[in-house]
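The values are calculated or read from the model by the stated rules, or taken from the named source; none is laboratory data. From a predicted model like this one, the values you see are computed outputs, not experimental measurements. Cβ: placed from backbone, ideal geometry, glycine included. Neighbour counts: every protein chain shown. Surface areas here come from the heavy atoms of the whole protein model, side chains and all, with no ligands, DNA or RNA. Shrake-Rupley method; radii C 1.70, N 1.55, O 1.52, S 1.80 Å.
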Amino acid sequence: MTSANLSRHPRPQAVLFDLDGTLVDSAPDFYTVVNSLRAEDGLPALPHPAIREQVSNGGMALARLTWNLTAEHPQLADYRLRLLARYSEHIGSASGLFPGFAQTLHGLQQAGIQWGIVTNKPRPYTEPLLQRLGIEAAVVVCPDDVSQPKPHPEPLFKAAADLNLEASQCWYVGDHIRDIDAARAAGMPSVAALFGYVEAGDDPQQWQADYSINQPQDLLHLLALN
């Protein structure tokens with residue numbers, strides 16, 4: 001991976017972002033959600049870093065964390081629904097763009113580069129979050145919009161098509177190996193967001209992303225926009 005060096009690929013026509021852990025720091029919403037549910041069931045609070053690193057893994061992972069469940073627990077789906085119901089009450093209450101992203105998105109727009117969102121977060125939770133934070137992207141693709149979510153490339157292909165672009169004309173930025181795998185399968189240059197929700201013990205160097213960034217503004221440097 002390359003960081004802080006100008007890119008080896010042509011400047012894209014669009015940059016697509018993962019949502020949780022890449023564009024938006026949504027983990028603080030889940031600190032309240034997870035620990036309030038644990039308190040109700042007589043469980044001790046979890047440290048914020050333990051919750052933070054699971055946010056990109058979705059509702060099932062967070063339900064397992066919240067109630068100390070195994071993946072085979074027969075009521076795991078019910079616990080997930082309970083967690084998501086609580087999350088619906090807190091969407092966007094403590095979330096925000098990662099520091100530096102407002103300037104980064106402005107820089108892309110000034111350069112005439114479109115930007116969008118491709119996420120595995122279901123639309124009933126994505127739309128309220130974006131509305132609460134005042135985020136308006138050129139395209140937003142959720143798992144509800146495709147037959148197969150990331151790491152399958154279908155969501156990235158759809159986002160590119162919705163922008164009237166070829167996948168190769170877009171870059172994808174994400175904080176999980178599934179994001180990098182999806183980009184590679186779609187033929188998009190990939191950027192690993194090292195400031196995101198990288199799990200303990202995970203080594204982003206093993207993801208084989210084309211580039212990595214330590215902060216959002218690094219993307220502008222890769223694109224020679226600052």
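Could you run through segment 108-134 and say how many residues are exposed (fewer than 12 other Cβ atoms within 10 Å of the Cβ) and under 17 Å from Gly96 (Cβ atoms)?
The total comes to 1.
Which count do you get for residues in segment 7-29 that are over 22 Å from Ala167 (Cβ atoms) and open to solvent by 10 Å² or more (accessible area, probe 1.4 Å)?
3
When segment 25-64 is examined, which residues are found to be β-branched (Val, Ile, Thr) and more than 21 Å from Leu97 (Cβ to Cβ)?
Matches in segment 25-64: Val34 only.
In segment 32-58, what residues are in contact with a Lys or Arg (Cβ under 8 Å, 6 or more places away or on another chain), crowded, with 19+ Cβ neighbours inside 10 Å and within 15 Å of Ile91 (Cα to Cα)?
Val33
For segment 106-136: of the residues being assigned to a loop (DSSP other than H, G, I, E, B) and free of Cβ contacts under 8 Å to residues at least 40 places away in the same chain, which is farthest from the chain's Cα centre (by Cα)?
Gly112
If you take just the helices (runs of 4 or more DSSP H) that sit entirely in segment 1-98, which of them hold at least 1 residues that are within 30 Å of Ser168 (Cβ to Cβ) and either in contact (Cβ under 8 Å) with a residue 40 or more places away in the chain or touching a Phe, Trp or Tyr at 6+ places or on another chain (Cβ under 8 Å) (or both)?
Hits in segment 1-98: 58-67.
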